[in-house]
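**Student:** If you scroll down you'll find the structure; I have some questions about it.
None of the figures in this text is laboratory data; all of them are computed from the coordinates on show. Note that the structure is a prediction, hence the values are computed from the model and not measured. Methodologically, a virtual Cβ is constructed for each residue, glycine included, from the backbone with ideal geometry; neighbour enumeration extends over all protein chains shown.
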Amino acid sequence: MQRKTRTTAICVMLGVTATCLLIARPTLGAPEADDGLSDEFALLQDDLDSDEVESSSKHRQSIFWSPSAITVFTREDIIASGATTLVDLLRRVPGFDIYEVKPFFPLVGARALTDDSTNLVLLIVDGREALIELIGFPIWAALSFDLLEVERVEVLRGPGSTLYGSNALAGVVSITTMSEEEKVSSDILVSGGEDGGLRLFGMVRGGADLGEGRLSYGVSLGKEEQFSSSDRQTAGLRVFYRSHGRVRYRTGEQLDLSLHYGVVSAEGMMQMYFGDLHCTDVTTFFVMGQAKTHFTDWMRFKAQLYYSHYSAEFHVRNPIYSYGVWVADVPDFHANTPTVDGQLQLDMQALEELLIILGANIRYSHLSAESLLPRELSELRGAALAHLQWTPWKTLQLTAGLRVDLNSETEAAISPRTVVVYRPWQSQSFRLGYSLAFRKPSFVEGRMHFDITSYNPAFPEVVDKLAEQFGNEELGNEKVHSIEFGWRGWFFEDSLRMSLDLFYNFYRDIITFKAVLPYEFGFPDIESSTFQFVAEGTGANAFGGEMEVAWHVSREWSFWLNVGLRSVTAQDSGQELIGEPRLRINAGGRFDSQSGVLIDLALHYVSAYERNLIIPDEPFADPIQTTLGNTAIMIGRLAYRIQAGDRLGLETGFTLRVPLGAEFREHPGLKASAGRLANWQSDFGGQMIMRRVSLYFRAKF
């Protein structure tokens with residue numbers, strides 16, 4: 001594929017960045033810029049300090065007391081990084097798996113079993129689960145907010161079902177957006193680059209005193225476009241419009257009321273188990289209300305209610321073939337999925353040494369879809385949790401938690417957790433814990449079947465077969481038992497920060513997709529075929545660890561490094577599973593003069609591994625084992641900042657994402673053939689990772 005001509009500016013920029021490979025900033029709890037106008041792009045921190053976390057126990061506490069392995073990105077980390085999407089930012093998290101299958105469809109996982117879906121990591125935005133009930137995971141590349149709106153990202157590495165329920169099997173990504181501003185401020189960004197990359201963003205925030213409290217607001221609008229390097233037609237385009245906003249009124253800690261909304265309109269390509277899907281008319285909308293109050297000095301209450309609605313048209317690119325014989329066409333379908341969710345949380349400091357958190361959650365989801373069977377599906381879920389933290393001694397904290405999840409359509413789940421944290425010194429702590437997490441089957445996996453109308457007359461039985469297969473009502477929950485050990489230490493007045501986390505995970509009842517079509521007398525035996533999600537008692541064991549080092553040399557210079565190492569074996573045979581890279585290394589550094597030059601680079605390396613590729617023309621044939629990995633990609637930013645007066649801040653520069661060495665795929669894929677795929681002028685499966693450089697301009701006033 002012919003690449004665009006390099007401009008002189010890009011050549012100069014690449015030459016500079018090549019000499020600065022390890023200049024960036026640590027991702028783990030890095031020191032933040034001073035308050036005030038010394039950093040024209042710094043915003044007011046809403047609540048948490050740089051050494052505090054909240055998502056690992058649903059209350060504010062020192063990172064040294066966190067009962068889970070956790071990585072924190074502050075606003076300064078986010079803005080200075082070369083990441084233009086949330087997914088590229090998450091590449092910096094140790095042990096996380098990131099695969100860009102399509103610009104519209106990246107996969108996000110952690111520690112093990114990141115395959116063709118991304119349903120093991122839960123995404124939470126301002127307290128709301130940002131997933132699509134139809135498929136059981138979010139579209140990570142098409143969210144209602146821009147990365148510039150994000151104030152803080154806390155990444156809980158490891159199971160989190162005790163606090164968050166389903167889908168928190170491998171980790172939780174908790175995002176806080178839109179801090180408050182003392183005065184009205186605006187933020188705009190215009191960016192354009194290779195492969196049709198376009199990013200437009202604008203945000204306005206402000207506030208005013210009202211009665212005994214303060215009323216604040218924020219609203220944003222944005223547009224993004226990005227062609228796939230392997231899909232040249234419109235079908236390969238990621239394009240979406242989005243808007244996001246919040247109105248908040250609070251009177252100190254006595255009362256905190258807020259109303260949030262978000263909307264996304266998108267189009268792009270997804271990869272599913274039977275081939276690629278062209279998704280059009282994709283619309284996601286949500287509105288959420290939150291209320292927080294302190295009844296007394298020792299009791300806090302929080303309530304949350306949101307409504308979300310997802311709809312889309314799905315156009316299936318690949319018919320079902322078997323050894324060159326056309327069997328049937330998978331129909332295009334339209335789906336609507338509204339969800340209503342309510343949550344309550346009560347925090348009680350029962351004793352000075354004992355914190356009790358009680359919570360309840362109820363959710364109703366509905367699915368209506370054309371060309372699917374049944375046409376209507378619904379699900380009612382309820383949950384209750386209890387979380388206790390007891391500090392019997394100044395250096396010891398005991399955490400115990402239990403959550404019970406009930407479901408009208410699938411089995412119930414119990415998720416316990418117990419953790420001991422020992423903090424012998426102020427800047428060091430040790431952690432040992434056990435937890436059990438689960439993931440429920442999504443609508444697609446558990447109950448969705450196809451209404452086949454176009455099929456080979458020689459195989460009429462395929463109609464009844466796919467009317468009862470694909471989805472599998474017999475599926476239970478996926479489960480993981482996890483044993484973890486962690487150590488965290490800060491040295492030299494907190495300028496050097498280190499952590500080590502080890503885990504041993506036992507995955508059980510893993511849900512996979514199975515396609516088997518036996519032959520009898522030379523013809524496909526449709527009656528005996530299997531084309532659906534199964535568990536079949538499958539299991540795997542994963543052992544590994546993650547290490548992080550962050551060195552803040554000075555206000556301007558900082559460096560970071562993290563390593564993720566793991567081994568994943570089958571439960572029954574003990575053989576190593578394919579699709580699991582043993583080693584991931586992320587490293588980088590930053591030079592940030594606050595007003596002047598900014599250089600932030602991150603290098604991401606993945607060791608070699610094997611993964612199966614199912615040929616879309618032959619989904620029932622044996623998959624092709626494909627070698628991936630031993631690859632590296634560099635993501636960075638080179639910019640210049642200036643401060644013009646007390647209010648105006650300007651920044652211009654380049655963001656880049658460049659494969660080091662030959663172009664490669666992060667997920668198995670095929671070049672377009674002369675047959676059906678060529679009609680799309682595109683590859684199937686994972687796209688090629690190619691150089692992507694963008695020029696941008698940003699202003700805050």
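**Student:** Scattering from the C-alpha atoms of the range 406-542 alone, worked out with Debye: what is log10 I(q)/I(0) at q = 0.18, 0.19 1/Å?
**Tutor:** Computed log10 I(q)/I(0) values: -1.02, -1.07.
**Student:** Under a point-charge model restricted to the Cβ atoms of Lys and Arg (+1) and Asp and Glu (-1), what is the dipole moment magnitude of the chain relative to its Cα centre, in debye to the nearest 20? Please list the in-between numbers first.
**Tutor:** Working: 63 positive and 89 negative charges, 300 e Å.
Dipole of the chain, to the nearest 20 debye: 1440 debye.
**Student:** Divide, for the range 491-600, the radius of gyration over alpha carbons by 2.2 N^0.38 Å, where N is the residue count.
**Tutor:** 1.81
**Student:** Could you put Trp557, Trp425, Trp140 in order, starting from the residue whose Cβ has the fewest other Cβ atoms within 10 Å? Provide the component values of the computation, followed by the final result.
**Tutor:** On the way: Trp557 16, Trp425 10, Trp140 22.
Ascending number of Cβ neighbours within 10 Å: Trp425, Trp557, Trp140.
**Student:** Ranked highest first by the average count of other Cβ atoms within 10 Å around their residues, in what order do 57-68, 347-358, 514-525, 186-197 fall?
**Tutor:** On the way: 57-68: 20.8, 347-358: 15.1, 514-525: 13.0, 186-197: 18.1.
With the highest mean Cβ count within 10 Å placed first, the list reads 57-68, 186-197, 347-358, 514-525.
**Student:** Bin by bin, in steps of 10 Å, what percent of the Cα pairs in the chain do you find, going until the bin that has the longest distance?
**Tutor:** The distribution over the chain is 3, 15, 26, 28, 19, 8, 2, 0, 0, given as percents.
**Student:** Quick one: which of 120-133, 590-603 comes out on top by average Cβ neighbours within 10 Å, and what's the full order, highest first?
**Tutor:** Details: 120-133: 22.9, 590-603: 20.7.
Output ranking for 120-133, 590-603: 120-133, 590-603.
**Student:** Lys/Arg Cβ at +1, Asp/Glu Cβ at -1, dipole of the chain taken about the Cα centre: which of Ala386, Phe664, Ile615 is farthest positive-ward?
**Tutor:** Highest projection toward the positive end goes to Phe664.
**Student:** With the Cα gyration tensor of the range 235-335 in hand, convert its eigenvalues to equivalent ellipsoid semi-axes via √(5λ) and list them largest first in whole Å.
**Tutor:** Values: eigenvalues 417, 45, 17 Å².
The equivalent ellipsoid of the range 235-335 has semi-axes of 46, 15, 9 Å.
**Student:** Additional query: Treating only the Cβ of Lys, Arg, Asp and Glu as charged (+1, +1, -1, -1), what charge dipole size does the range 102-159 show about its Cα centre? Round to the nearest 20 debye. Don't skip to the answer; put the middle values down first.
**Tutor:** Values: 5 positive and 9 negative charges, 43 e Å.
So the dipole magnitude of the range 102-159 works out to roughly 200 debye.
**Student:** Over the alpha carbons of the range 588-661, what is the largest minus smallest coordinate on each principal axis, giving the biggest first in Å?
**Tutor:** That gives 66, 24, 16 Å along the principal axes, largest extent first.
**Student:** By how many nm would the segment from His309 to Asp451 lengthen if fully extended, with 0.36 nm per residue of separation less the alpha-carbon distance?
**Tutor:** This chain segment gains 48.7 nm when fully extended.
**Student:** Next question, about the same structure. Report the gain in length on full extension from Thr418 to Ala662: 0.36 nm times residue separation, minus Cα-Cα distance, nm rounded to one decimal. All intermediate terms of the calculation are to be shown ahead of the outcome.
**Tutor:** Details: separation 244, 0.36 × 244 = 87.84 nm, distance 4.63 nm.
Residue separation times 0.36 nm, minus the Cα-Cα distance, leaves 83.2 nm.
**Student:** Can I ask one more? Net charge near Thr652: determine it from the other residues with C-beta under 9 Å of the C-beta of Thr652, scoring Lys and Arg +1 and Asp and Glu -1. Spell out each step's value before the answer.
**Tutor:** Numbers: positive: Arg641, Arg698; negative: Glu651.
Within the 9 Å Cβ shell, the charges total +1.
**Student:** Okay, moving on. Relative to the longest principal Cα axis of the chain, at what angle does helix 8-18 sit, 0 to 90 degrees, rounded to 10?
**Tutor:** With rounding to tens, the tilt is 70 degrees.
**Student:** Further question on the same structure: Apply the Karplus curve 6.51 cos²θ - 1.76 cosθ + 1.60, θ = phi - 60°, to the phi angles in the range 215-227 and return the couplings in whole Hz, x for Gly and Pro.
**Tutor:** In residue order, the calculated couplings are 9, 10, 8, x, 8, 9, 9, x, 9, 9, 9, 7, 6 Hz.
**Student:** Related question: Over all alpha-carbon pairs in the range 317-391, figure out the percentage whose distance exceeds 17 Å. Intermediate values should be presented prior to the final figure.
**Tutor:** On the way: 1871 of 2775 pairs.
In whole percent, the share of Cα-Cα pairs in the range 317-391 beyond 17 Å is 67.
**Student:** Among Gln426, Leu502, Pro441, flag the residue with its Cα farthest along the positive direction of the charge dipole of the range 425-514, charges on Cβ as +1 for Lys/Arg and -1 for Asp/Glu.
**Tutor:** Of the options given, the answer is Gln426.
**Student:** Please enumerate, by chain and number, the aspartates and glutamates with C-alpha under 20 Å from the C-alpha of Lys671, excluding those fewer than 8 residues away in the same chain.
**Tutor:** Glu100, Asp116, Asp195, Asp231, Asp276, Glu610, Asp617, Glu618, Asp622, Glu663, Asp683
**Student:** How far apart, in nm, are the 7 Å Cα→Cβ label points at Ser408 and Tyr434?
**Tutor:** If labels sit at Ser408 and Tyr434, their model points lie 3.6 nm apart.
**Student:** Follow-up question, since we're still on this one. Let me have the relative contact order for the chain, percent, based on Cα pairs under 8 Å that are six or more residues apart. It would help to have the intermediate numbers written out before the result.
**Tutor:** Numbers: 2032 pairs, mean separation 98.6, N = 701.
This gives 14 percent for the chain.
**Student:** For the range 102-242, rounded, prolate or oblate, judged on the Cα gyration tensor with a ≥ b ≥ c (square roots of eigenvalues), a/c < 1.5 rounded, else prolate if a/b > b/c? Mind showing how you got there, number by number?
**Tutor:** Details: a/c = 2.76, a/b = 1.18, b/c = 2.34.
It comes out oblate by the Cα gyration axes.
**Student:** Here is a follow-up. Please give the peptides 571-577, 443-449 ranked by average Cβ packing (other Cβ atoms within 10 Å per residue), highest first, as a rough proxy for protection.
**Tutor:** Numbers: 571-577: 11.3, 443-449: 22.1.
Highest to lowest by the protection proxy: 443-449, 571-577.
**Student:** I would also like to ask the following. Per residue of the range 316-328, what does 6.51 cos²θ - 1.76 cosθ + 1.60 with θ = phi - 60° give for ³J(HN,Hα)? Whole Hz please, x for Gly and Pro, Karplus curve as stated.
**Tutor:** So the J values, rounded to whole Hz, are 7, 8, 10, x, 8, 10, 9, 6, x, 9, 5, 9, 6.
**Student:** Summing Lys, Arg as +1 and Asp, Glu as -1, what charge do residues with Cβ under 15 Å from the Cβ of Ser573 carry, Ser573 excluded?
**Tutor:** On the way: positive: none; negative: Glu536, Asp572, Glu576, Glu580.
Local net charge: -4.
**Student:** So, one more: Using just the alpha carbons, could you tell me how many Å³ per residue the convex hull of the range 543-683 encloses?
**Tutor:** Numbers: hull volume 24.9 nm³, N = 141.
Spread over its residues, the Cα hull of the range 543-683 gives 177 Å³ apiece.
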